[in-house]
Amino acid sequence: MAWIRNTTERPERRPTDIGWLVIAAIGVAVVGVWAQSQSTIDANFFVPLNSLSSLDGLVKAFYALGSIWALGAIALVLLVFRQINVAWRVALAGAVAWGISELLHEILPAHSIAHTQVNVRVGDGPMYPTTNVAVITALAVVFAPYAVRPLRRMFFVLILFVALAAMYVGAGYPSDTFGGLLLGITAGAAVLVAFGSPAGRPTIDEVRAALTDLGYDVADMQPAKNFVARASAMDVVLTSGEMLRVDAFGRDQRDAQFIAKAWHRAMYHEPGLPVFGSRLQQVEHVAYTLMLADRAGVHAARVEKTGVGGAGAAMLVTTPPAGTSLGEIAPDAITDETLAAVWAEIEQLHAAGISHGNLDASHILVDGNGVDGNANVALDDFTSSDATGQEYWLNRDVAAVLVDTTQLVGNDRAIAAAVKALGKDRVGEVTPFVQPAALPAGTAEGTKHLGKVLKELRADLVTATGVEDAPPLKIKRLTLVNVGMLAGILLALVIAFNSMEGIDWASVKGEFENATWGWVVLAAAMYPLIPMAWATALMGCVVIDLPFVPTILTQLACSFLNLITPNGIGGTALQLDYLTKEGVPLASGGSAMVLSTGVAGAIQMGLFLLAAAITATAVDTSSSSSDNASLWAIALVAAGIGIILFIPKIRGKVVPAVTRAASDIWTVIRNPKKAMQLVGGDLAGNLIYPAILGICLLAFHQRLDYAELVVVQVGAGMLGNVAPVPGGIGVQEAALTAGLTSFGVPAAPALASVLVFRAVTFAIPPFFGFFTLRWLRAKGYA
């Protein structure tokens with residue numbers, strides 16, 4: 001079947017499918033709340049379409065394309081054409097979508113249509129979700145990896161027609177059809193995650209056709225030994241006997257699509273992967289870096305041609321460099337001359353402002369003479385290269401080569417060769433990059449106990465170069481201090497309960513019984529915006545660019561650690577550890593945390609004072625004891641500065657670190673992008689909390705103006721931050737309840753709202769943070 005891609009390709013489980021599964025599943029719940037609210041938005045979009053006439057036959061035919069019978073017919077056609085793997089996956093996804101939809105119809109109450117004139121032409125009227133939309137969407141999601149692009153587009157058009165038809169026949173409001181769409185994505189993504197799917201890279205026949213279009217007469221073609229990310233790499237022999245290497249980026253491959261590239265860029269932050277831009281632009285970028293390398297005298301592939309051929313595949317045609325990969329050479333055959341030649345090639349590449357981006361042992365080639373001492377080294381696969389000269393990527397290259405050579409010849413020889421070629425200072429600079437999370441994925445692949453191996457290498461680097469080590473911070477989960485913190489929690493809870501003596505707990509129970517839980521679901525769905533905001537602020541605090549998704553997960557893991565440590569000590573330690581492993585020096589990481597805390601505090605205080613002025617709330621800032629405390633603090637800081645400047649040994653360690661920290665802070669502030677990330681992230685984080693509190697109030701049929709919510713939440717947060725207990729447990733609950741009641745909210749719904757708010761923002765996230773922390777440690781980010 002010409003419209004089905006090669007189904008013999010090995011199925012893969014892709015991170016983007018997991019992302020779609022999570023997002024769509026949350027969306028089903030959120031849209032379900034909207035659907036049950038019967039908003040006027042639904043009716044305004046629904047009535048004009050549903051009131052049309054004289055289209056029954058055609059529209060019902062489109063609507064039937066999403067039925068379970070149409071699904072069975074499509075699966076049968078696939079079986080007839082012997083596409084067994086596609087057929088059972090499509091049937092399973094559609095059946096799951098149909099089953100969940102019917103189950104939700106049994107659980108959720110039917111829509112009341114008395115207030116709206118609805119023409120019900122099929123079924124029993126609008127219900128959430130629309131089953132036919134869910135079925136056709138699940139089918140399209142699972143079928144997409146196997147279909148060529150024109151067929152994928154046709155299916156997406158059919159989804160639109162089925163959704164419009166569902167509203168015309170009266171089977172669902174807009175929210176119902178949107179919920180069906182999300183349910184279909186959920187079911188389809190679940191099947192793809194469970195069983196995998198082909199990546200859609202160009203096949204040998206497709207690459208051959210593309211080369212023919214570009215004017216080449218191919219005699220033989222075989223897949224290249226080395227895997228190239230996001231492309232099909234082929235070794236080609238022309239009829240003239242010429243040997244070529246072809247990297248083909250296909251239009252149908254899933255990892256070349258926008259969402260997949262955006263996810264990969266956020267998750268791994270690797271060079272050479274433009275999120276925006278066409279396949280041809282990506283090919284031309286690789287060709288550009290190869291030409292720059294050739295002009296600088298670097299031994300690498302020579303560009304022959306770029307272009308688009310065949311079924312829209314972007315082609316990079318090169319003459320490959322000769323040689324055997326360094327990883328395939330026997331360790332005792334790798335001479336010091338070979339190692340010197342490797343480092344000379346890397347240094348020449350970096351002098352041209354180019355970073356390779358994926359320098360593992362398989363991409364460093366040594367020709368036959370190189371094994372005997374006259375080393376001729378070449379570099380292969382520039383698909384992850386970067387020509388900006390950014391120091392981060394250059395250091396990453398050096399660390400990757402250092403790690404790979406130590407795996408082959410041992411720490412002593414590898415470090416000695418690097419120091420001889422680059423110097424102690426240069427090698428010492430890359431010590432923080434000798435971390436699993438900061439290295440390319442293929443570096444030291446398969447090494448057992450990689451974290452331990454790299455720790456030993458860092459120790460040897462410190463000895464050989466004389467640089468100061470910046471070891472990862474050790475975070476202990478339970479100590480005697482934590483036991484003391486638990487005692488403080490109990491004390492705070494006693495104080496909190498004493499302040500709530502006047503509350504009728506039976507009334508609070510009644511509030512929960514009569515709550516509108518859809519608002520609670522919405523509040524929970526909004527919570528992920530908070531770690532995203534803090535992650536954005538952290539990204540703005542450092543000079544280098546941090547990967548977005550791991551930074552978000554680090555913030556979520558902080559919620560677990562902050563449970564057992566006061567004032568965010570555990571979270572701060574984790575963030576410093578994460579920054580260190582991402583290549584940020586310890587002093588710069590400390591300055592980043594100071595900058596983040598200072599900006600967040602200033603924004604928090606500014607919001608509180610502004611909201612207090614709007615609501616005419618008095619803020620008492622005068623206190624003789626606070627004045628005395630301020631004087632003592634100033635005196636202690638002055639004494640500390642004097643000690644640092646008086647003792648030479650301490651001054652020699654502290655002053656350079658402080659100077660570097662101040663330089664980093666000034667660099668960040670002058671960078672508009674970083675300043676926007678820092679201020680915008682901290683501002684967003686401080687504004688989302690009051691919004692969630694307001695939504696929790698709506699769940700118990702209460703409301704306050706936003707400025708009043710800011711006063712209550714920010715004020716309670718500041719009190720909780722200075723409380724000697726993790727997360728201000730007890731103190732924040734009492735302060736929030738007192739603040740709400742002071743603005744006229746009755747005590748029972750105020751306490752109920754606070755309990756739900758604290759569950760959503762404080763009690764539940766650490767559960768996910770525990771597993772997130774384990775993942776960060778397993779992947780080497782912490």
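The values are calculated or read from the model by the stated rules, or taken from the named source; none is laboratory data. This one's a predicted model, so the numbers in the text were calculated from it and none came from an experiment. For neighbour counting, all protein chains shown are included, and Cβ atoms are generated from backbone atoms with ideal geometry for every residue, glycine included. Only protein heavy atoms, including side chains, enter the accessible area calculation; ligands, DNA and RNA are left aside. Shrake-Rupley method; radii C 1.70, N 1.55, O 1.52, S 1.80 Å.
Quick rundown of the values:
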item	result
Failed criterion for VAL120 (all others in (1) crowded, with 24+ Cβ neighbours inside 10 Å; (2) closer than 19 Å to SER101 by Cβ hold)	(1)
Criterion (in contact with a Phe, Trp or Tyr (Cβ under 8 Å, 6 or more places away or on another chain), touching a residue at least 24 places away in the same chain (Cβ under 8 Å), farther than 27 Å from ALA437 by Cα and open to solvent by less than 40 Å² (accessible area, probe 1.4 Å)) met by exactly one of VAL366, VAL317	VAL317
Residue within the stretch 725-745 that is under 19 Å from LEU561 (Cβ atoms), outside any helix (DSSP H, G or I), modelled with pLDDT under 85 and open to solvent by less than 10 Å² (accessible area, probe 1.4 Å) present	yes
Per-region count, the stretch 80-101, residues at pLDDT 90 or above and surrounded by fewer than 15 Cβ atoms within 10 Å (Cβ to Cβ)	1
Condition met for ALA233 (farther than 30 Å from ALA24 by Cβ and either at pLDDT below 80 or in a helix (DSSP H, G or I) (or both))	no
Candidates ALA43, ALA25, ALA35, ALA73, filtered to the one that is in a helix (DSSP H, G or I) and touching an Asp or Glu at 6+ places or on another chain (Cβ under 6 Å)	ALA35
Number of the exception - ALA147 against (1) modelled with pLDDT under 90; (2) in contact with a Lys or Arg (Cβ under 6 Å, 6 or more places away or on another chain); (3) crowded, with 17+ Cβ neighbours inside 10 Å	(2)
Among (1) in a helix (DSSP H, G or I); (2) over 26 Å from PHE548 (Cα atoms); (3) of a type outside the set (D, E, K, R); (4) modelled with pLDDT under 80, the one test that THR447 misses	(1)
Residue in the stretch 387-395 that is within 18 Å of LEU450 (Cα to Cα) and not in a helix (DSSP H, G or I) present	no
The stretch 159-211 - residue that is in a helix (DSSP H, G or I) and polar (S, T, N, Q) and, of those, surrounded by the most Cβ atoms within 10 Å (Cβ to Cβ)	THR177
Yes/no for LEU408 being open to solvent by less than 30 Å² (accessible area, probe 1.4 Å) and not in a loop (DSSP other than H, G, I, E, B)	no
Criterion: in a strand (DSSP E or B) and under 24 Å from ARG230 (Cα atoms) - qualifying residue of ALA293, ALA314	ALA314
Positions within the stretch 268-314 being within 27 Å of ASP545 (Cβ to Cβ), open to solvent by 60 Å² or more (accessible area, probe 1.4 Å) and modelled with pLDDT of 85 or more, in sequence order	GLU284, TYR288, MET291
Residue match in the stretch 123-144 (condition: of a type in the set (Val, Ile, Thr), in a loop (DSSP other than H, G, I, E, B) and at pLDDT 90 or above)	yes
Whichever residue in the stretch 327-337 is part of a helix (DSSP H, G or I) and more than 17 Å from ASN411 (Cβ to Cβ) and, among such residues, is least open to solvent (accessible area, probe 1.4 Å)	ALA333
Residue in the stretch 79-89 that is of a type in the set (S, T, N, Q), touching a Ser or Thr at 6+ places or on another chain (Cβ under 7 Å) and assigned to a loop (DSSP other than H, G, I, E, B) present	yes
Leading residue by the ranking (modelled with the highest pLDDT) among those in the stretch 578-623 that are open to solvent by 40 Å² or more (accessible area, probe 1.4 Å) and in a loop (DSSP other than H, G, I, E, B)	ALA616
Near pairs, Cβ below 6 angstrom, 6+ apart or cross-chain, from the stretch 505-517 (open to solvent by less than 50 Å² (accessible area, probe 1.4 Å) and modelled with pLDDT of 80 or more) to any residue that is in a helix (DSSP H, G or I) and of a type outside the set (Phe, Trp, Tyr)	GLU511/ALA748; GLU511/PRO749; GLU511/ALA752; ALA515/ALA699
Scope the stretch 521-544; condition assigned to a helix (DSSP H, G or I) and either open to solvent by 20 Å² or more (accessible area, probe 1.4 Å) or in contact with a strand residue (DSSP E or B) (Cβ under 9 Å, 6 or more places away or on another chain) (or both); matching residues	VAL521, LEU522, ALA524, ALA525, MET526, LEU529, MET532, TRP534, THR536, MET539
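Here is a yes/no grid of residues against (1) farther than 22 Å from SER51 by Cα; (2) modelled with pLDDT of 90 or more; (3) touching an Asp or Glu at 6+ places or on another chain (Cβ under 9 Å):
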residue: MET154; (1), (2), (3): yes, no, no
residue: LEU160; (1), (2), (3): no, yes, no
residue: ALA166; (1), (2), (3): no, yes, yes
residue: ASP176; (1), (2), (3): no, yes, yes
residue: LEU183; (1), (2), (3): yes, yes, no
residue: ALA187; (1), (2), (3): yes, yes, no
residue: ALA199; (1), (2), (3): yes, no, yes
residue: ILE204; (1), (2), (3): yes, no, no
residue: VAL207; (1), (2), (3): yes, no, no
